[in-house]
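Coordinate-derived values only; no laboratory data. None of these values were measured; they are calculated from a predicted model. Neighbour counts run over all protein chains shown; Cβ positions are idealised from the backbone, glycine included.
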């Protein structure tokens, strides 16, 4: 979009759409939580499709589509292709959309067994074997991580695309946020297992700031060394099963975290 087209493209206001797949709606709520900033954004874009906020639907194509949730059913797999076809930019938001979400824990077990336990009539349930990120099905222009996504990352991404520039989203680890906050490293000082060294920044190190280990809500950082961290966890006395569970929480199917079971069994 050109310089004057932060408001308009080809004489019209750019259209924004927000889509939901398998998720808890938390990332959509992060967008609504922008409050004052969202009102300013509404002056620059036309919120054309956002069922969490309004029943009004304006037909596409859309300049920017935000997609929350993972792909878990055949219908999801078909629908995301339709969303991609009507979207100039597609941004996957949150742990479910970028790494399969907590529901991706099923990827390492028998999903049919889960269905038989949870549902009285499992034969009526149609599901895929795995919960997968959006990028495994269609081209994604930008991924915003987090459980939930950082609302200011959302604002940065949308504003940057409207102004034709690359969004400035951090890819370094939570450890950098801890240093900026002046936190003493809880793993070094207290021997508390912490996922911060391999986790992408975005939460402002909220857990370590309260002397609790990071849970890796924002998934793997750009240069995550999971082999080194898992070895350190074992040195701290964490058993292998617990280490696997630490890496398989919110971002169970993140590419860098998939190999944790193999690493700790070596």
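Based on the mean of other Cβ atoms within 10 Å per residue, sort peptides 129-135, 194-200, 249-255 so the most packed one is first. Display every interim value, and only then the final one.
On the way: 129-135: 20.6, 194-200: 25.7, 249-255: 22.6.
Order by mean packing, descending: 194-200, 249-255, 129-135.
Suppose we keep just the DSSP beta bridges with both residues in the range 3-162; what percent of those would be antiparallel, to 5?
Values: 5 of 23 bridges.
Looking only at bridges with both residues in the range 3-162, the antiparallel portion is about 20 percent.
Helix-derived [θ] at 222 nm for the chain: sum -39500 (n - 2.57) over DSSP H runs of at least 4, divide by residue count, nearest 500? Write out the running numbers ahead of the final one.
On the way: 12 runs with 93 residues, N = 266.
Helices in the chain give a 222 nm mean residue ellipticity of -9000 deg cm²/dmol.
Relative to a virtual label point 7 Å from the Cα of residue 231 in the Cα→beta-carbon direction, which members of the range 245-266 show backbone nitrogen distances below 19 Å?
Hits in the range 245-266 for residue 231 at 19 Å: 247, 256-266.
If one takes the longest principal axis of the Cα atoms in the chain, at what angle in degrees, from 0 to 90 and to the nearest 10, does the Cα axis of helix 226-235 lie?
40
For helix 74-85, what angle does its Cα long axis make with the longest principal axis of the chain, in degrees from 0 to 90 and rounded to 10?
Tilt relative to the chain: about 50 degrees.
Compute the helix-to-body angle for 151-162: its Cα long axis versus the longest principal axis of the chain, expressed 0 to 90° and rounded to tens.
So the inclination is approximately 40 degrees.
Given 0.36 nm per residue, what is the gain on full extension from residue 110 to residue 44 after removing their alpha carbon distance, in nm? All intermediate terms of the calculation are to be shown ahead of the outcome.
Working: separation 66, 0.36 × 66 = 23.76 nm, distance 4.67 nm.
Result: 19.1 nm gained on full extension.
Relative to the compact-globule scaling 2.2 N^0.38 Å, provide the ratio for the alpha-carbon radius of gyration of the range 174-265.
Dividing the Cα radius of gyration by 2.2 N^0.38 Å gives 0.99.
Go from 0 up to the bin containing the longest alpha carbon distance in the chain, width 10 Å each, and give me the % of pairs per bin.
Per 10 Å bin, starting at zero, the Cα-Cα P(r) for the chain comes out as 7, 28, 31, 22, 10, 2, 0 percent.
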